[in-house]
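> Could you have a look at this structure, given as structure tokens, before my questions?
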Amino acid sequence: VGPSRTLLIFNRQFQRSADFGFAQRGEAEKLIFDRFEWGFAFQELACRGEDVKLTFEYPNWNSCVILEDEGQKELQVMDSQVSRPDYKELEEKINEILPQPLWMRKMGEAEDKGFKFQRGPPN
């Protein structure tokens, strides 16, 4: 590791300096978080029951929802932004673009097509 070589830190347990514990927080900031910049990140989380993917490619964060009920369609949640969107921002935007939660959409599908075990094999 040096000025001409890249260091890749891959440990999903440690995402913030606070993850190193109270006593090691300052040391972690000096040794890791203040020395290196994010280059790429991929995070998955559930927000309001939706499958959300966050990706970071320097310098922007992107966010999308994978719509399982529409054949794994990818729906952009927010425009690219420099700061990582927090849960509350994602939830508000998802409520705006997908007013019906996944469970409600699945109930509508069951009303229209019947329960999956009653439909028979897929064509």
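> Every residue in region 104-123 that is among the hydrophobic types (A, V, I, L, M, F, W, C) and either within 19 Å of the chain's Cα centre (by Cα) or farther than 26 Å from Lys53 by Cβ (or both), please. Reasoning before the result, please.
First, pick out the residues of region 104-123 that are among the hydrophobic types (A, V, I, L, M, F, W, C): 104, 107, 110, 115, 117.
Answer for region 104-123, where residues must be among the hydrophobic types (A, V, I, L, M, F, W, C) and either within 19 Å of the chain's Cα centre (by Cα) or farther than 26 Å from Lys53 by Cβ (or both): Ala110, Phe115, Phe117.
> Being open to solvent by less than 60 Å² (accessible area, probe 1.4 Å), at pLDDT 70 or above and not in a strand (DSSP E or B) is the filter here, so list the residues in region 19-41 that pass it.
Gly39
> Note down all Cβ pairs under 7 Å where the first residue falls in region 105-119 and is touching a residue at least 12 places away in the same chain (Cβ under 8 Å), the second is open to solvent by 40 Å² or more (accessible area, probe 1.4 Å), and they're at least six residues apart or on different chains.
If the second residue must be open to solvent by 40 Å² or more (accessible area, probe 1.4 Å), the pairs left are Arg105/Asp69; Lys106/Asp69; Glu109/Asp69.
> Could you tell me which of the residues Glu44, Glu74 is within 21 Å of Glu109 (Cα to Cα), of a type in the set (Asp, Glu) and open to solvent by 30 Å² or more (accessible area, probe 1.4 Å)?
Details: Glu44 fails: within 21 Å of Glu109 (Cα to Cα).
Residue meeting the stated conditions: Glu74.
> Quick one: is Gln100 surrounded by fewer than 16 Cβ atoms within 10 Å (Cβ to Cβ), in contact with a helix residue (DSSP H, G or I) (Cβ under 8 Å, 6 or more places away or on another chain) and modelled with pLDDT under 90?
Working: surrounded by fewer than 16 Cβ atoms within 10 Å (Cβ to Cβ): yes; in contact with a helix residue (DSSP H, G or I) (Cβ under 8 Å, 6 or more places away or on another chain): yes; modelled with pLDDT under 90: yes.
It is true that Gln100 is surrounded by fewer than 16 Cβ atoms within 10 Å (Cβ to Cβ), in contact with a helix residue (DSSP H, G or I) (Cβ under 8 Å, 6 or more places away or on another chain) and modelled with pLDDT under 90.
The values are calculated or read from the model by the stated rules, or taken from the named source; none is laboratory data. Note that the structure is a prediction, hence the values are computed from the model and not measured. Every residue, glycine as well, gets a Cβ built from its backbone with ideal geometry; the counts of neighbours run over all protein chains shown. The protein model used for the area step is the full one, side chains on, heavy atoms only, and it has no ligands, DNA or RNA in it. Shrake-Rupley method; radii C 1.70, N 1.55, O 1.52, S 1.80 Å.
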